[in-house]
Ligand code: SF4
């Protein structure tokens, strides 16, 4: 008998009669907000998770906000852009002091700028899906990750996120879905939280009001 | 992993006298507890979510076979493979075969408790493949050649000074005069060292917090991002998971995520929650070419339908360890096997046999805090009692303990005899101890009086006073 049958048979012999599906629990009130309140909640929770958040009134402001953020923090004036038209089609030439290139990363890029599939206000979390325009490693290898999320892509709760995923991807999930809440951290040395364990030391989010 | 659970008493005695360990444990006694409380206070629905999490897990266990088969189908549909392994030996062989076929020389690893269960690191190393732990805590203990001492904080027993000493001893290629005083410099050193290893590894092995039946996805939850580098950079991603990790859908994973990080570290969400579905797709810029899920039973299925079934609800958050007065004092290694603390005390006998772990269910005052904080409401104290009964029935205790318990049972089930014995005992002890008011040593009670005094009884028994009142 195969290990598969052996395991399944043991389960069938032991398990109780099927109990009805009980549902997936209450949806926290906190996330059930819209409009400005939703943006404010997203910002508050992201900041609580040690991310920083800038507001842009339109996407056109993104290149200058990126440049300003990097110079304010004394970071290298170069950015690896995700091959996402929402990012690459912006007017990066408006920032002559900022070096940009487009593509995935092998770890040699100190700063990445990516789009986002969604943001979840309930916990200040970004939802990033992998694909040709969104290499996963851009979310992890650079020391600074700048993510651009449109206000229209904010969900209040996780329930809304699952619905949007289904609407966009149907039955087949993207290969990788990253839910990112703040920068990388470790508490493994004396339970003291330190940022930048293996992933980014800084997560900066640009929330765009009108795309 | 070789177990020393049967030696709990000796292990615990050593732990209590270990100054480094006692220093390290102070952080568990305070930080985890206040952070969890803060997270609970910030979410009014928290207790209702725990009820829902318990009910969901019970539902899944009642249809475990169906969900596993559904999961398998969806993994395969998305281009991945599922390997069913009944025993640790099966799982070790399966993983080694995958690594060999790939011609792997190094394997990076995210945190996996099942990996500890099956002893995968030693097996790979014995076969010429180098396993590299990438979670900072796991990396530290791998360098120190120690097992983890906590489910979510594997190096919680190590002090900062010890981490520094270990890094200086192992990282001999670095400047011996470098400054490592700050914890951040230690973190930076590990980051740089491991970054190089990530980039050249052939295979990445991660655990799984959840397996999602209707999408065929696996989920990991980390704070460092090491799991993501482990599973994205190498050519092959192997997911190692216990069969009880399955949930029906994304919504259900969402429910468990709402209680997991809050119970574990007091975060709203851990920094990284990642869902992986199959290997990389055409057009993808990165990601593994192969995706394997190794499903491990190792004694889990035979718990279904027994009084121990409910322990399969565990989502390995570590809250019961963080709130356990015994764990606070002896740390994790005293438990002698992979899982420590209250969940270890009920899981270890189930997975390696009560005959190898009979002292563990005794290592509890049954104070009940573990059950109070468990996000899936596992009745741990009840199960500790079940294991105690089982150990007693199978005569696993010393004769003295057996006779003492038998004598106690004989008294406790005969009220008249019990009252008589109490009256005599209280009277005699009260007389003997009337001068000092306490005993610093007492025959048959040395274990108690060695560390504290026994107060001498004063006056009459409760029953005598009660009857006097009526
Ligand atoms: S038994 Fe409960 S509290 Fe303990 S690790 Fe498992 S889920 Fe967490």
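Values in this text are rule-based calculations from the coordinates and carry no lab data. Here the structure is a predicted model, which means the values were calculated and not measured. With ideal geometry, Cβ positions are generated from the backbone for all residues, glycine too; neighbour counts draw on all protein chains shown.
May I ask you to derive the FRET efficiency for residue B:408 and residue A:47 from their Cβ-Cβ distance with R0 = 56 Å, giving the value to the nearest 0.05?
Once the sixth-power term is evaluated, E becomes 0.45.
Within a 10 angstrom radius of each residue's Cβ in B:227-236, how many Cβ atoms of other chains show up on average? Whole number is fine.
4
Expressed as an acute angle from 0 to 90° and rounded to the nearest 10, what is the orientation of the C-alpha long axis of helix A:3-14 relative to the principal long axis of chain A?
Taking the Cα atoms of chain A, the angle to A:3-14 is about 60 degrees.
Using just the C-alpha positions of region B:192-233 as equal point scatterers, what log10 of I(q)/I(0) does the Debye formula give at each q in 0.15, 0.19, 0.21 1/Å?
Per q value, in the given order, log10 I(q)/I(0) is -0.42, -0.62, -0.71.
Would you order B:77, B:31 from fewest to most other beta-carbon atoms within 10 Å of each residue's own beta-carbon?
Arranged by neighbour count, lowest to highest, B:77, B:31 become B:77, B:31.
Stick to the Cα atoms of the protein assembly as shown, pair each with every other, and give me the Kirkwood hydrodynamic radius in Å at one decimal.
26.9
Rg to Rh ratio, region B:403-469, alpha-carbon atoms and Kirkwood radius?
1.01
Determine the distance separating the Cα centre of region A:147-183 from the Cα centre of region B:278-330; give it in Å without decimals.
A separation of 24 Å, based on Cα centres.
Give the value in nm², to one decimal: projected area of the alpha carbon convex hull of region B:1-116, averaged over all directions.
That works out to 12.7 nm².
Which whole-angstrom value gives the distance between the alpha carbon centres of region A:34-99 and region B:165-228?
Centre-to-centre (Cα) distance: 28 Å.
Tell me the angle of helix A:62-72 to the major Cα principal axis of chain A, expressed in degrees between 0 and 90 and rounded to the nearest ten.
The helix A:62-72 is inclined about 80 degrees to chain A.
Chain A: Rg/Rh from Cα coordinates, Kirkwood Rh?
With Rh from the inverse mean 1/r over Cα pairs, Rg/Rh is 1.07.
Mind pulling up the Rg/Rh value for region B:249-325? Radius of gyration and Kirkwood radius, both on Cα. Don't skip to the end; give the middle numbers.
Details: Rg = 16.9 Å, Rh = 15.9 Å.
Looking at region B:249-325, the ratio lands at 1.06.
How do B:408, B:387, A:162, A:92 line up, fewest other C-beta atoms within 10 Å first? Each step should come with its number before you reach the end.
Numbers: B:408 11, B:387 24, A:162 17, A:92 20.
Ranking B:408, B:387, A:162, A:92 by Cβ neighbours within 10 Å, fewest first, gives B:408, A:162, A:92, B:387.
Report Rg (one decimal) and Dmax (nearest whole number) for region B:210-262, counting Cα atoms only, units Å.
12.0, 34
How far apart, in nm, are the 7 Å Cα→Cβ label points at residue B:170 and residue A:73?
2.9
When the Cα atoms of region B:43-301 are enclosed in a convex hull and the volume is divided per residue, what value in Å³ results? Spell out each step's value before the answer.
Values: hull volume 35.4 nm³, N = 259.
For region B:43-301, the hull spanned by Cα atoms encloses 137 Å³ per residue.
What is the average number of partner chain Cβ atoms found within 10 Å of a Cβ in B:263-271?
6
Hey, what D do you get for chain B in µm²/s if you plug the Kirkwood alpha-carbon radius into Stokes-Einstein at 4 °C and 1.567 mPa s?
The diffusion coefficient I find is 53 µm²/s.
Using only atoms on other chains, find how many Cβ atoms lie within 10 Å of each Cβ of peptide B:57-69 and report the average.
4
Helix B:46-62 versus the longest principal axis of chain B: what angle, 0 to 90°, nearest 10, using Cα atoms?
70
By counting other Cβ atoms within 10 Å of each Cβ, how are B:32, A:42 ranked from fewest to most?
Least to most surrounded, the residues fall as B:32, A:42.
In percent, what relative contact order does chain B have, based on Cα pairs under 8 Å that are 6 or more apart in sequence?
On the way: 774 pairs, mean separation 96.6, N = 470.
It comes to 21 percent, rounded to a whole number.
Sorted by mean Cβ packing within 10 Å, highest first, what order do the peptides B:148-161, B:285-298, B:5-18 take?
B:148-161, B:285-298, B:5-18
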